[in-house]
1. For the stretch 36-68, list residues with backbone N below 20 Å from a point placed 7 Å from the Cα of residue 2 toward its Cβ?
2. Apply the Karplus curve 6.51 cos²θ - 1.76 cosθ + 1.60, θ = phi - 60°, to the phi angles in the stretch 28-45 and return the couplings in whole Hz, x for Gly and Pro.
3. In what order do 6, 48 fall by count of nearby beta-carbon atoms within 10 Å, going from fewest to most?
4. Given 0.36 nm per residue, what is the gain on full extension from residue 63 to residue 37 after removing their alpha carbon distance, in nm?
Amino acid sequence: MIICHCQSITDHDIRAAVDWMRASDADTVITPGKIYHALGKRADCGGCMPLFLNTMRANENFQVPRRDEVPMLRRPRIIAAE
Ligand code: FES
């Protein structure tokens, strides 16, 4: 289903971009601007924003996971200063 008619962005495009961003960086805050950028596009009229946001938020990977949910290999190393 087309979500953004100005840029021909589908719900599938948004879900794929959210999944890709979460897999790339577990701590990133995902915004519509980042999704447009990831898709190589720019928002125009903004009329799609309510549906765009709902589509983003419906993705199970949208939320930044709690620390105890991030696999050990993806956690940043914290080095204590002496
Ligand atoms: S419909 Fe998405 S920017 Fe216009």
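All of the numbers you see were taken from the coordinates with simple rules; none came from a lab. Keep in mind it's a predicted model, so treat the numbers as computed, not measured. Don't worry about glycine lacking a Cβ; one is built from the backbone with ideal geometry, like all the others, and counts go over all protein chains shown.
1. The answer is 36-37, 39-56, whose backbone nitrogens lie closer than 20 Å to the label point.
2. 6, 8, 8, 10, x, x, 5, 5, 4, 4, 4, 8, x, 10, 10, 5, 10, 7
3. 6, 48
4. Residue separation times 0.36 nm, minus the Cα-Cα distance, leaves 7.5 nm.
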